[in-house]
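What follows is a short report on a single structure.
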Amino acid sequence: MMIDIPPGLILILGALIVPFLKGYLRGVFLLALPILSSFILYNLPDGSHFAITAFGQHLELLRVDPLSRIFGYVFLIAIFLGIIYSLHLRTIEEHLSGLIYSGAAIGAVFAGDLISLFVYWELTAISSVFLILARRTPEALAASMRYLIIQVGSGVLLLAGLIIRWNETGNITFDHIGLESVGGVLIFLAFGIKAAFPLLHNWLQDSYPQATPTGTVILSAFTTKLAIYALARGYAGTEELIWIGTIMAIFPIFFAIIENDLRRVLAYSLNNQLGFMVVGIGIGTELALNGTAAHAFSHIIYKALLFMSMGAILHRTGTVLASELGGLYKTMPFTSIFCIIGAASISAFPLFCGFISKSMILSAVAYEGHYWVWILLLLASAGVIHYSAIKVPYFAFFANDSGKRPKEAPLNMLIAMALASILCVGIGVWPSSLFYILPFEVNYIPYTESHILSQLQLLFFSALSFAVLIKLGFYPVQSKSTIIDTDWIYRRLAKAVVVLITNVALTLHSNLFEVTILRARRLVDQLYKHHGPQGILARTWPTGSMVLWVAIFLGIYLLLYFIKNI
């Protein structure tokens, strides 16, 4: 029965034991959890199921097929590398939240119904926020609250969509959904928020750079790639995704070039790479979906490597601002080498993993005749080479010497970066190791003359343009600044609207209060005038007059009563 346990559940339950362990025992236990989960997953054959009955529904907590398997493997690799990277930490909150977060993401990947997916979906949101809060700065606190609102909002949309879909179809199975119904559209938007669709994306740049060095590495692996998996499962072949993904790949270029915070630059490049995956899902062919799964696998590893290198710099220097760095290769040579390997991977340099996966998506786009999309994705590839593969290592390690001479990264960080580097090169040199676990049979040769030549040309001219711009002084100056993206809507516009509404409400309240008080005073004055000690109704009347008035009123009453009954 052991192998029938959902792999993600091992990490979630294991997190409950971590607080009771200390020292080396805790580190060994942390590393053992993803290894055990990987062993369980490896021994689960395709078609394995594990279900329970709850809420009057048949909930499928475990569904193993090639698509869920590859995402499960790479998520386990990511948390294993993240644990190694974080072994120097003495506090346990990041270990706890990282395990629960990754376990929930893995649980969602193997969920076979929308209710189980929703539970894991929200658990990823709640557990991951602690990786941002662990930074313990006012900026991190504010960013974590915005992040939590957006992520929980995604879950609310997912819940609304699944309820509507259940009412429409009586089915909660998590398979192809499509956009033909209201429920399908709401679920699509829920997935789109986590996938950082255009105009829904800025939570990523707002929150990831505010997390701890370890937190950003772990965050980069799960939330957005879980959304990519969900889109591939529920919306493969949806043509709208082709242009959504193309826009995602293009727009980060303009922000990343002028961004000073290098972790924010990497966050924008994350948007760019997600765009390639979304395009692949929109194409929907076997080659495109294989390319999407392969690129998600490669991206998790090389983006973690890049965030690890920046995290090591932040750990040693306290900053990742390009304007305050430079010359760090002198005392952090291994970190600089690992960063360059990550940069070569994200730029799709031949013999690195990014070359294998990105070429599959581009080939699928060309085979289906989407030539304008293919050209735009080439431009996006040139952009990511420019600002992520070149800018990040250049300004961090080789630009104007900042005078900082920090120590090399801690040993555990170096080990994690070395393992990620080995995977980046290993997949690039031996692509069949990745092809073996892709969802569909692979009949694709990445190393052709045309692929290699076109990619080398792209790399060469991107590097040349960067060098020329730097030499001529035209490259944007890296200075302390805050780049406002679509977060202008809720950080500036929404704030101004709230202030305006508050001021209007206070004004109306003040005026209404003053009018109410004035009228109340007038009423009291009138009552006092008539009923006070000197009021007309308080005077003493003779008994005879009183009897007369009573008789008059009685007579009037009797007369009216008589008229009524005639």
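Every number here is computed from the coordinates shown, using simple stated rules; none is lab data. In this text the structure is predicted, and so the values were computed from the model without any measurement. Methodologically, a virtual Cβ is constructed for each residue, glycine included, from the backbone with ideal geometry; neighbour enumeration extends over all protein chains shown.
Say the cut-off is 20 Å between C-alpha atoms; which of 194/225; 303/471; 330/404 go over it? Before the final figure, lay out the partial values.
Details: 194/225 9 Å; 303/471 29 Å; 330/404 10 Å.
With Cα atoms farther than 20 Å apart: 303/471.
Cα centroids of the stretch 187-222 and the stretch 266-340: 14 Å apart.
Net length available on complete extension from residue 493 to residue 181 is 109.1 nm, with 0.36 nm assigned per residue and the Cα-Cα distance removed. Measuring nothing but alpha carbons in the stretch 238-483 and taking Rh as the Kirkwood radius, the Rg to Rh ratio lands at 0.97.
Report the net charge of residues surrounding residue 217, where surrounding means a beta-carbon distance below 11 angstrom and charges are Lys +1, Arg +1, Asp -1, Glu -1. Write out the running numbers ahead of the final one.
Details: positive: 263, 303; negative: 94.
Computed value for this residue: +1.
Applying 1/(1 + (r/R0)^6) with R0 = 35 Å to the Cβ-Cβ distance of residue 29 and residue 502 gives a FRET efficiency near 0.10. How far is it, in nm, from the label point at residue 464 to the one at residue 517 when both lie 7 Å from their Cα along the line to the Cβ? Label at residue 464, label at residue 517, 7.7 nm between them. With coordinates expressed along the principal axes, the C-alpha atoms belonging to the chain extend over 123, 59, 57 Å, beginning with the largest.
Secondary-structure-derived ellipticity at 222 nm for the chain, considering helices only, amounts to -23000 deg cm²/dmol, per-run term -39500 (n - 2.57) for DSSP H runs with n ≥ 4.
The C-alpha atoms of the chain define a longest principal axis, and helix 114-133 lies at about 80 degrees to it. Between helix 286-317 and the chain there is an angle of about 80 degrees, using the helix long axis and the longest principal axis of the Cα atoms. Each label point was placed 7 Å from the Cα along the Cα-to-Cβ direction; for residue 200 and residue 456 their separation is 4.2 nm.
Listed values for the stretch 443-458 are Karplus-derived 3J(HN,Hα) couplings in whole Hz (6.51 cos²θ - 1.76 cosθ + 1.60, θ = phi - 60°), namely 10, 9, 10, x, 8, 10, 4, 5, 4, 5, 5, 5, 6, 5, 5, 4, and x replaces Gly and Pro.
For residue 4 and residue 378, the FRET efficiency from 1/(1 + (r/R0)^6), where r spans their Cβ atoms and R0 equals 51 Å, is about 0.65.
Mind pulling the angle between the C-alpha long axis of helix 333-346 and the longest principal axis of the chain? Nearest 10 degrees, somewhere in 0 to 90. That works out to roughly 80 degrees. Within the straight-line cut-off of under 15 Å between alpha carbons, the aspartates and glutamates reachable from residue 358 are 286, sequence neighbours fewer than 8 places apart in one chain being disregarded. For the stretch 70-222, the alpha carbon convex hull comes to 96 Å³ per residue, rounded to a whole number. Between the beta carbons of residue 525 and residue 156, assuming R0 = 45 Å, the FRET efficiency works out to 0.25 to the nearest 0.05.
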